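Okay, so here's the structure we're looking at.
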Amino acid sequence: MSTTVETAIDIRPFHVEIPEEELAEMRGRIAATRWPSKELVADRSQGVQLETLQKLARYWTKEHDWRKTEAKLNALPQFKTEIDGVDIHFIHVKSRHDNALPLIMTHGWPGSVIELLEAVGPLTDPTAHGGTAEDAFDLVLPSLPGYGFSGEPTEVGWNVGRIAEAWAELMRRLGYTRYVAQGGDVGASVTDAMGRQAPEGLLGIHMNLLVTVLSGAPLPEDSEEERAARDAINTFRASGFGYFLEQATRPQTIGYALLDSPLALAAWMLDHDTDAYYKISHAFVDGEPSGNLTRDHILDNITLYWLTGTGPSAARSYWENGRAAALAAGQAPPQVSLPVGFTTFPGEIWQSPRSWVEKGYPNVTYFNKAERGGHFAAWEEPELFSAEVRAAFKSLR
């Protein structure tokens, strides 16, 4: 699958090279899929719709080209390094501009470093994307443990707090003495944990999912905006929470399907949130993508999960975080005293009001409501997302 070369400091170059027989085996499994009958409703209330998945399967076997994805990954500097017993894969792109601010950015589920690739250019070379040289970042994109090309943990305990500690070690190992961190979805939980741990050198954080809401702590619901956010969360918990609950409580069970059937994996990954699902479905059914959520980019990500066999281990990360939260119940987490930036995107599962952000973080130095984009903001709208990251960290340069 890959080749690595040892270096003196235990950071090894990494190259993706998937054998052709693995791609052929995947296509064979897709062709052998046993299809259920069509759903009995006209929307997604029974799950991923048959037409969506059948058109995805057809495109996957007939038109999608993994080799293009492989070439895109291999065109970027990729590495592996062992931290706390787990091999961590990461992309490390240094800006050509002087005094670039180091940024470690963490993906989520059901994403991977694939969802962040289109933001690499705007963040590291802003002058080519409407910014100035003073906006440049040195970018570190790690794959979460058990995701993509990172190793799978072989013991319990790899929750977001432990990942946050590993990311601080990674930045230290790369020689960065001052840096910032960003994340959405699971990546927002990791970034939140980094902010609470406040490792030496971390200047500030930016997130685009308000994970403090998930703790269940009381939040103001006086304004129309706050009530709308609460309604959206209640809707999600009532009808969109299935994947979260299964992965947080029984990841091994769903893991058998995720490792055995490419289309079970695809369906599971598509069934995340309403906004993203309909955008992705529209791309396959009607051939009309929303921003950067194209058929090829969606399948790049799903194929990565399949080829690395990380569906089960990625699901298990939810169990780890749920277990950590249960063990910490009743204990107030450390406050985040570092500067915090936050962007809420209109298609997110809920749009977080500033009052809610300030309730969770006492030092909000940047807040904005973006014009476009949803849960996978960096993926769907990379230019807009990158502009938000630049703005959030401008005062910390």
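The values are calculated or read from the model by the stated rules, or taken from the named source; none is laboratory data. Quick caveat: nothing in here was measured; it's all calculated off a predicted structure. Using ideal geometry, Cβ is built from the backbone for each residue, glycine included, and neighbour counts are taken over all protein chains shown. All accessible areas refer to the heavy atoms of the entire protein, side chains included, with ligands and DNA or RNA removed. Shrake-Rupley method; radii C 1.70, N 1.55, O 1.52, S 1.80 Å.
Does residue 61 meet the test of being in contact with a Lys or Arg (Cβ under 6 Å, 6 or more places away or on another chain), more than 16 Å from residue 167 (Cα to Cα) and of a type outside the set (Phe, Trp, Tyr)? Give the derivation first.
Values: in contact with a Lys or Arg (Cβ under 6 Å, 6 or more places away or on another chain): yes; more than 16 Å from residue 167 (Cα to Cα): yes; of a type outside the set (Phe, Trp, Tyr): yes.
So residue 61 fits the description; yes.
Does the stretch 131-143 include one or more residues that are among the β-branched types (Val, Ile, Thr), out of contact with any strand residue (DSSP E or B) (no Cβ under 8 Å at 6 or more places or on another chain) and over 20 Å from residue 339 (Cβ atoms)?
For the stretch 131-143, residues among the β-branched types (Val, Ile, Thr), out of contact with any strand residue (DSSP E or B) (no Cβ under 8 Å at 6 or more places or on another chain) and over 20 Å from residue 339 (Cβ atoms): present.
If you go through the stretch 179-194, how many residues are open to solvent by 10 Å² or more (accessible area, probe 1.4 Å) and either within 16 Å of residue 376 (Cα to Cα) or among the β-branched types (Val, Ile, Thr) (or both)?
Number of matching residues: 4.
Please go through the stretch 159-175 and pick out each residue that is open to solvent by 10 Å² or more (accessible area, probe 1.4 Å) and either aromatic (Phe, Trp, Tyr) or without any contact (Cβ under 8 Å) to a residue 24 or more places away in the chain (or both).
Matches in the stretch 159-175: 175 only.
Identify the single condition in (1) out of contact with any strand residue (DSSP E or B) (no Cβ under 6 Å at 6 or more places or on another chain); (2) closer than 21 Å to residue 318 by Cβ; (3) open to solvent by 10 Å² or more (accessible area, probe 1.4 Å) that residue 151 does not satisfy, given that it satisfies every other one.
(1)
Condition first: part of a helix (DSSP H, G or I) and touching a helix residue (DSSP H, G or I) at 6+ places or on another chain (Cβ under 6 Å). Now tell me which residues in the stretch 180-208 satisfy that. Even if it seems obvious, please write down each step before you answer.
Just the residues of the stretch 180-208 that are part of a helix (DSSP H, G or I), to begin with: 186-197.
If the condition is that a residue be part of a helix (DSSP H, G or I) and touching a helix residue (DSSP H, G or I) at 6+ places or on another chain (Cβ under 6 Å), then 188, 189, 190, 192, 193, 194, 197 are the ones that fit.
Looking at the stretch 241-258, which of its residues are crowded, with 17+ Cβ neighbours inside 10 Å and either over 14 Å from residue 318 (Cα atoms) or small (Gly, Ala, Ser) (or both)?
248, 255, 258, listed by residue number.
Go through the stretch 311-362 and count every residue that is assigned to a loop (DSSP other than H, G, I, E, B), open to solvent by less than 70 Å² (accessible area, probe 1.4 Å), farther than 21 Å from residue 378 by Cβ and out of contact with any strand residue (DSSP E or B) (no Cβ under 6 Å at 6 or more places or on another chain).
Qualifying residue count for the region: 3.
Take the residues in the stretch 363-392 that are among the aromatic types (Phe, Trp, Tyr) and not in a helix (DSSP H, G or I); name whichever of them is least open to solvent (accessible area, probe 1.4 Å).
Once the filter is applied, the top-ranked residue is 376.
Among the listed residues 90, 79, which satisfies the condition of being open to solvent by less than 60 Å² (accessible area, probe 1.4 Å), touching a His at 6+ places or on another chain (Cβ under 9 Å) and in contact (Cβ under 8 Å) with a residue 24 or more places away in the chain?
Checking each option against the conditions leaves just 79.
Between residues in the stretch 183-210 that are among the hydroxyl-bearing types (Ser, Thr, Tyr) and residues that are open to solvent by 10 Å² or more (accessible area, probe 1.4 Å), which pairs lie under 6 Å by C-beta distance while being six or more apart or on different chains?
Listed pairs, sorted by first residue: 189/160; 189/211.
Kindly check whether there is at least one residue in the stretch 216-230 that is small (Gly, Ala, Ser), open to solvent by 20 Å² or more (accessible area, probe 1.4 Å) and within 21 Å of the chain's Cα centre (by Cα).
Of the stretch 216-230, the ones small (Gly, Ala, Ser) are 216-217, 223, 228-229.
Those left that are additionally open to solvent by 20 Å² or more (accessible area, probe 1.4 Å): 216-217, 223, 228.
From what's left, within 21 Å of the chain's Cα centre (by Cα): none.
No, the stretch 216-230 contains no residue that is small (Gly, Ala, Ser), open to solvent by 20 Å² or more (accessible area, probe 1.4 Å) and within 21 Å of the chain's Cα centre (by Cα).
Which of the residues spanning the stretch 123-138 are surrounded by fewer than 24 Cβ atoms within 10 Å (Cβ to Cβ) and not charged (D, E, K, R)?
Taking the stretch 123-138 first, the residues surrounded by fewer than 24 Cβ atoms within 10 Å (Cβ to Cβ) are 124-134, 138.
Hits for the stretch 123-138 are 124, 126, 127, 128, 129, 130, 131, 132, 133.
Give me the pairs: first residue in the stretch 228-257 and over 23 Å from residue 311 (Cα atoms), second residue in a helix (DSSP H, G or I), beta-carbon distance under 8 Å, and six or more apart or on different chains, which are they?
Note: pairs meeting the criteria are 229/356; 233/213.
Report, ordered by the first and then the second residue, all pairs with beta carbons closer than 9 Å, sequence separation of six or more or different chains, a first member in the stretch 275-299 that is free of Cβ contacts under 8 Å to residues at least 24 places away in the same chain and more than 21 Å from residue 45 (Cβ to Cβ), and a second member that is among the small types (Gly, Ala, Ser) and not in a helix (DSSP H, G or I).
none
Which condition does residue 12 not pass, out of (1) over 20 Å from residue 298 (Cβ atoms); (2) open to solvent by 30 Å² or more (accessible area, probe 1.4 Å); (3) among the charged types (D, E, K, R); (4) in contact (Cβ under 8 Å) with a residue 60 or more places away in the chain, if it passes all the others?
(2)
Search the stretch 18-46 for residues that are closer than 13 Å to residue 303 by Cα and in contact (Cβ under 8 Å) with a residue 12 or more places away in the chain and pair each with any residue that is open to solvent by less than 50 Å² (accessible area, probe 1.4 Å) and among the charged types (D, E, K, R) when their beta-carbon atoms are under 7 Å apart and the residues are at least 6 apart or on different chains.
18/70
Looking at (1) in a helix (DSSP H, G or I); (2) at pLDDT below 95, which one does residue 220 not meet, given that it meets all the others?
The number of the failed condition is (1).
In the stretch 96-120, which residues are open to solvent by 20 Å² or more (accessible area, probe 1.4 Å) and either without any contact (Cβ under 8 Å) to a residue 12 or more places away in the chain or of a type in the set (S, T, N, Q) (or both)?
Within the stretch 96-120, 99 is the sole residue that qualifies.
Which pairs do you get when a residue that is among the charged types (D, E, K, R), found in the stretch 124-147, comes within reach of a residue that is assigned to a helix (DSSP H, G or I), reach meaning Cβ atoms under 7 angstrom, with the pair 6+ apart or on two chains?
Going by the 7 Å Cβ cut-off, the qualifying pairs are 135/126; 135/390.
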